[in-house]
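Would you mind keeping the following structure in view while I ask a few things?
The values are calculated or read from the model by the stated rules, or taken from the named source; none is laboratory data. Everything quoted here is computed from the prediction, not taken from an experiment. Ideal geometry is used to build each Cβ from the backbone, glycine not excepted, and the neighbour counts take in all protein chains shown. Surface areas here come from the heavy atoms of the whole protein model, side chains and all, with no ligands, DNA or RNA. Shrake-Rupley method; radii C 1.70, N 1.55, O 1.52, S 1.80 Å.
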Amino acid sequence: MFPYKIKEDFYYVGVNDRKTELFERIIPIPYGVSYNSYLLVDEKVVLFDTVEMSFADNAIEKIKIALNDKKIDYLIIHHLEPDHTSGIKIYLNEFPEMQIICSKRAKDMLDGFYGISDKIITVDDNSELSTGKHTLKFIYAPMVHWPEVMMSYETTEKILFSADAFGCFGTLDGRIFDNFIDPSIYDKYIEEMYRYYVNVVGKYGVPVQSTMKKFEGLQINMICSLHGPIWIDSRESIFKLYDRLSRYEGEKGVVILYGSMYSNTEKMAEVVARGAYEANAKVILHDVSKSDISFMITDCFRYSGLIIGSPTYNGTIFSKVQDILERLELRGLKNRTFGSFGSYTWGGIAVRQLNEFSEKMKWDTVGSVEVKQSMKISDYQNFYNLGRSVGEKVAGL
Ligand code: FEO
């Protein structure tokens, strides 16, 4: 049926964006993204979040079908980032009677971004709203990943409206629940959840942990995020995924990132990869000049072994490798088993700097190999041993 009924009295009224190439103008989204919005039609009618401006008319049509001539009493804003709120004036024009419910921090932002200061009700952490048959409890979730973020928990059906948390890239294409998705497509959503977490939320592991503590003892039957499918069958596994990522705990695997101007460092990377593979570790290898950085830093978060190769370039680390280091430092990536390798022509600096970076990040540096100009036959074993030793440590051998 249309719009999608997700539970008695609840509807999905979100949209799919297949036009945007770069989310936040920086992260490629080859599978698009959904901007989710939900409607509760009870004695009081509640809209949960709006959508990005260019999709507002589409979302409003869906809302009107579900409303069946009723009026919206409240708009709850869980997160004020403009991918969810840039359409808000179009909504207010269409539904002028509705009052806005949001956190205290969101009130200032509404004024700052949109000049909206009327008909706003701010709610406290743990406060409740009765809509008739249903009760909503508000849960503040500051810095997941903005300061004004809050979630709502519906106490009868036990639905968590989780803002960006547990969201992923990928349009919904007719499907909205995780349990009806073909496994190959489902896996893609999970991959994109990793990438969403690392790139958008990844800096805020501690606030994510604090928020997840608030869920303890709470029965949650359904998770309605602002992006991606509604999670029912997968709710336990995605909680675990978030818990693991926010504690910076990696899976067993070795990520090898290398920069190479003339393929000398690339040849070393191949030998390092062979060593890690023969230690029974999963191996993921990226040429930093070809892979997109959003995918590379996701793999660095996902797996506990990290080996980085760089030539000395202009007296320092290859710039595309340096970009990755900056992103990892910004996100405070912890608990990695590390190795480094590289080459130089007249003065070796990059590998020393890579090891200094590892020390600064408090990673465990297992080995390091650097050669002048090119890898000789006599060097192969050293590069193989580097991969093997990181692989064995990660694999727990
Ligand atoms: Fe989906 Fe943080 O906005």
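What are the residues in region 332-348 that are over 22 Å from Val271 (Cβ atoms) and crowded, with 18+ Cβ neighbours inside 10 Å, if any? Even if it seems obvious, please write down each step before you answer.
In the first step, residues of region 332-348 are kept if they are over 22 Å from Val271 (Cβ atoms); the result is 332-335, 346-347.
Across region 332-348, the qualifying residue is only Leu333.
If you scan region 216-268, which residues turn out to be open to solvent by 50 Å² or more (accessible area, probe 1.4 Å), more than 23 Å from the chain's Cα centre (by Cα) and small (Gly, Ala, Ser)?
Matches in region 216-268: Gly217, Ser263.
Still on this structure, I have one more. Exactly one of (1) more than 16 Å from the ligand (Cβ to nearest atom); (2) open to solvent by less than 40 Å² (accessible area, probe 1.4 Å); (3) in a helix (DSSP H, G or I) is unmet by Val208. Its number?
(1)
Follow-up question, since we're still on this one. Residues that are within 16 Å of the ligand (Cβ to nearest atom) and over 19 Å from His227 (Cβ atoms): does region 67-82 have at least one?
Just the residues of region 67-82 that are within 16 Å of the ligand (Cβ to nearest atom), to begin with: 76-82.
Restricting the remaining residues to those that are over 19 Å from His227 (Cβ atoms) gives none.
The answer is no, given that none of the residues of region 67-82 is within 16 Å of the ligand (Cβ to nearest atom) and over 19 Å from His227 (Cβ atoms).
Right, Thr20: open to solvent by less than 30 Å² (accessible area, probe 1.4 Å), within 16 Å of the ligand (Cβ to nearest atom), part of a loop (DSSP other than H, G, I, E, B) and of a type in the set (S, T, N, Q) or not? Spell out how you get there, then give the answer.
Working: open to solvent by less than 30 Å² (accessible area, probe 1.4 Å): no; within 16 Å of the ligand (Cβ to nearest atom): yes; part of a loop (DSSP other than H, G, I, E, B): yes; of a type in the set (S, T, N, Q): yes.
When the stated conditions are applied, Thr20 does not pass them.
Let me ask you something else. Kindly evaluate Glu329 against the criterion of being closer than 30 Å to Ser246 by Cα, among the acidic types (Asp, Glu) and open to solvent by 10 Å² or more (accessible area, probe 1.4 Å). I'd like the intermediate steps shown before the answer.
Numbers: closer than 30 Å to Ser246 by Cα: yes; among the acidic types (Asp, Glu): yes; open to solvent by 10 Å² or more (accessible area, probe 1.4 Å): yes.
Yes; evaluated as a whole, the condition is true for this residue.
So which residues in region 80-103 are closer than 16 Å to Ser162 by Cα and touching a strand residue (DSSP E or B) at 6+ places or on another chain (Cβ under 8 Å), if there are any at all?
Passing the criteria: Leu80, Asp83, His84, Ile101, Cys102, Ser103.
If the Cβ limit is 6 Å and pairs must be 6+ apart or interchain, which residue in region 59-84 that is surrounded by fewer than 18 Cβ atoms within 10 Å (Cβ to Cβ) pairs with which residue that is among the β-branched types (Val, Ile, Thr)?
Once the first residue is surrounded by fewer than 18 Cβ atoms within 10 Å (Cβ to Cβ) and sits in region 59-84, its partners that are among the β-branched types (Val, Ile, Thr) give Lys70/Val45.
Assess whether Gly132 counts as being within 16 Å of the ligand (Cβ to nearest atom), open to solvent by less than 60 Å² (accessible area, probe 1.4 Å) and either over 25 Å from Ser34 (Cβ atoms) or not in a strand (DSSP E or B) (or both). Steps first, please.
Details: within 16 Å of the ligand (Cβ to nearest atom): no; open to solvent by less than 60 Å² (accessible area, probe 1.4 Å): yes; either over 25 Å from Ser34 (Cβ atoms) or not in a strand (DSSP E or B) (or both): yes.
Judged against the criteria, Gly132 is not a match.
Would you be able to say whether some residue in region 45-53 is closer than 30 Å to Ile190 by Cβ and hydroxyl-bearing (Ser, Thr, Tyr)?
Yes, region 45-53 contains at least one residue that is closer than 30 Å to Ile190 by Cβ and hydroxyl-bearing (Ser, Thr, Tyr).
Restricting attention to region 177-201, and to residues there that are open to solvent by 10 Å² or more (accessible area, probe 1.4 Å) and of a type in the set (A, V, I, L, M, F, W, C), which single residue is nearest to Ile223 (Cα to Cα)?
In this case the residue turns out to be Phe177.
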